[in-house]
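Quick notes on the structure that follows.
The values are calculated or read from the model by the stated rules, or taken from the named source; none is laboratory data. Worth saying up front: this structure is predicted, and the values here are computed from it rather than measured. A quick note on method: Cβ atoms are made from the backbone with ideal geometry, for glycine too, and the neighbour counts reach across all protein chains shown.
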Amino acid sequence: MLSSILIWLLLAWSALGLMYFLYRACARVPRHDPKNLVHYLHPVDWDLLESLLDPAADFELRWRLSPREFREEQRCRMRLFRELLRRMSHNSAVLAEFDNALFGKDDFTPGPGSKVEEAAIKVRLYCTAARIKLRVWLSLPDTLRAVPMPDLARLRMAADLDGPKVYEELKAAAVEAFADLQPAELDALTRNL
């Protein structure tokens, strides 16, 4: 009799402990407030992105610099572009996360958030493909002069996606999905994207 009471007490204590841990785990999940969205985004310098992907800039650098100087300059430009790709990928992930949290995807009706998800997937796909190409190009040793340094303009298209175009689609979808923000917050959102 005493052993069955102890077993029941032990089970009750374990159940209460489990409920406490589940409560603490759920309480730690951050609440996604659209006002905080802007603070999670990393700004992408659009002018720098366009200048890096400009074929005329590649041609002008090739013409103006010696092959060695061009190789060094192009490697620097590749690293800059890799950073911009990382920011674009991060921003698309943040927008998709906020979109899922705010517009709850339990019902299967397309809404303003579904455009954000589709655009975020395209941006992530483009960024992944372009980063893989960049990694291969940057891994080539400087001493290998037989292989010409590639043009960054060739990375405008990766995985059959036009990078700047799909990022513009993501911006437009985000502005449409988060239209309920205050005008100043919406302006900050577009500025940070």
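Can you list residue pairs whose Cβ atoms sit under 9 Å apart, with the first residue in region 154-182 being assigned by TED's automatic domain parsing to the domain that holds R124 and within 21 Å of D54 (Cα to Cα) and the second being loosely packed, with under 15 Cβ neighbours inside 10 Å and of a type in the set (A, V, I, L, M)? Count only pairs 6 or more apart in sequence or on different chains.
A158/I132
Which of (1) surrounded by fewer than 17 Cβ atoms within 10 Å (Cβ to Cβ); (2) at pLDDT 75 or above; (3) farther than 16 Å from C76 by Cβ; (4) not hydrophobic (A, V, I, L, M, F, W, C) is the odd one out, the single condition P150 does not satisfy?
In the conditions (1) surrounded by fewer than 17 Cβ atoms within 10 Å (Cβ to Cβ); (2) at pLDDT 75 or above; (3) farther than 16 Å from C76 by Cβ; (4) not hydrophobic (A, V, I, L, M, F, W, C), P150 misses (3) alone.
Only residues in region 53-81 that are free of Cβ contacts under 8 Å to residues at least 40 places away in the same chain count as the first member; pair them with residues that are surrounded by fewer than 11 Cβ atoms within 10 Å (Cβ to Cβ) and part of a helix (DSSP H, G or I), Cβ under 8 angstrom, at least 6 apart or cross-chain, and list the lot.
Short answer, once both residue conditions are applied: none.
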